[in-house]
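Working notes, beginning with the structure itself.
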Amino acid sequence: MPFSHAWPDSTARSLLPWILLGATAGCGAQTRDVTGEIAVSSDLTERGFQTPIRRPIVQGLITLYDATGWSAGAVLGMQTNGRRYGRAIVRLAYDGVLSNDWQYQAVTQYYAYPDNPTAQLLDRLETALSFSYRDLITAGASVFHYPHTRDAARPMRWAVDLGGRLPIDEQFSLTGTIGLAQVRPQGRYAYGSVGAAWRQGPWRASLSYLATDDRAQSVYPGNTAGHWSFMWARSF
C-alpha cells in the first residue's frame, strides 16, 4: 500500500519500538499470533467529526497478540484528493477477563495525520478503558493529550462512549452508539450512530448513520452534519 512516508509522524515513529517492546517483554515462550485487516470506508469520522478530507479512506491494520493478553498494533491509512493524505496509529493494549460474560480492555494509542495541516489538530495520545458484556454492550472512557494545540484550544479532552449490538441471525446485526465529548474548557457535545452490520468468515461490512447535537456545529463548523457511512473489511 503506497504511503507518502513509512512512518510519517516523528512521535508515532519514536513510540512504535517501545510499544512493540512492551507487548513482547516478559512473555517468555508464550504463544503469539499475528493478524491483519484491510478496510475501505466511505469517509473518516471521529466521534461525529468528519475529517476535512471528505473522501474514501483505505486502511491496513497489523496486530501482534500475546497469550498473556497484551497486544501491539499499527494502522496506516490513505485518502486522496488531488494528493495523498496519510493517517497512522500505533497502539498498545491489554485485554482481560472479569467473568464468563464480562471482559475489559485498556489501550494507549497515538494518532497522527502528517500530510494535512488542518487534520493535524487531531494528532493525539489517547488512553482508554472499556468494558464489554458478551460482545453485545460496550462502555468506555478516554482521555487525550494533543501535542499541537495549547490547553485553551484543545478540541477534545475526554470522551465517554456506549455501544450496543443486537444480533438478528448469525450474519446480521443492528448497531448503535452514543457518546459525549468534552470540548474546550467550557463546552461539550454529544454524538451517536445507528446502523446495521454483516459478518461472514473473514469478511465484514457496516452501514451507519452518524450524527451530532447542535452544540457540535459551533466547535467544528461545517464538519458535523449527519451522514451515512459505509465500511468494508477483510481480516487475514
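Would you confirm whether or not region 117-125 contains a residue that is of a type outside the set (V, I, T), modelled with pLDDT under 95 and surrounded by fewer than 13 Cβ atoms within 10 Å (Cβ to Cβ)? Yes, region 117-125 contains a residue that is of a type outside the set (V, I, T), modelled with pLDDT under 95 and surrounded by fewer than 13 Cβ atoms within 10 Å (Cβ to Cβ). Within region 124-143, the set of residues being more than 13 Å from the chain's Cα centre (by Cα) and over 15 Å from G163 (Cβ atoms) comprises V143 only. Search region 99-118 for residues that are under 18 Å from S142 (Cβ atoms) and pair each with any residue that is open to solvent by 30 Å² or more (accessible area, probe 1.4 Å) and among the β-branched types (V, I, T) when their beta-carbon atoms are under 7 Å apart and the residues are at least 6 apart or on different chains. Close Cβ pairs (under 7 Å, with a partner that is open to solvent by 30 Å² or more (accessible area, probe 1.4 Å) and among the β-branched types (V, I, T)) amount to Q103/V97; T108/T127; Y110/T11; A112/T11. In region 216-236, the residues that are within 16 Å of R54 (Cβ to Cβ) and open to solvent by less than 70 Å² (accessible area, probe 1.4 Å) reach residues that are of a type in the set (A, V, I, L, M) and in a helix (DSSP H, G or I) with C-beta atoms within less than 8 angstrom, at least six apart or across chains, in these pairs: T224/A216. State whether one or more residues within region 94-108 are crowded, with 19+ Cβ neighbours inside 10 Å and either not basic (K, R) or not in a strand (DSSP E or B) (or both). The answer is no, given that none of the residues of region 94-108 is crowded, with 19+ Cβ neighbours inside 10 Å and either not basic (K, R) or not in a strand (DSSP E or B) (or both).
The values are calculated or read from the model by the stated rules, or taken from the named source; none is laboratory data. Keep in mind that what you see is a predicted model, and the values were worked out from it rather than measured. Positions of Cβ are generated from backbone atoms using ideal geometry, with glycine treated the same way; all protein chains shown enter the neighbour counts. Accessible surface areas use protein heavy atoms only, side chains included; no ligands, DNA or RNA. Shrake-Rupley method; radii C 1.70, N 1.55, O 1.52, S 1.80 Å.
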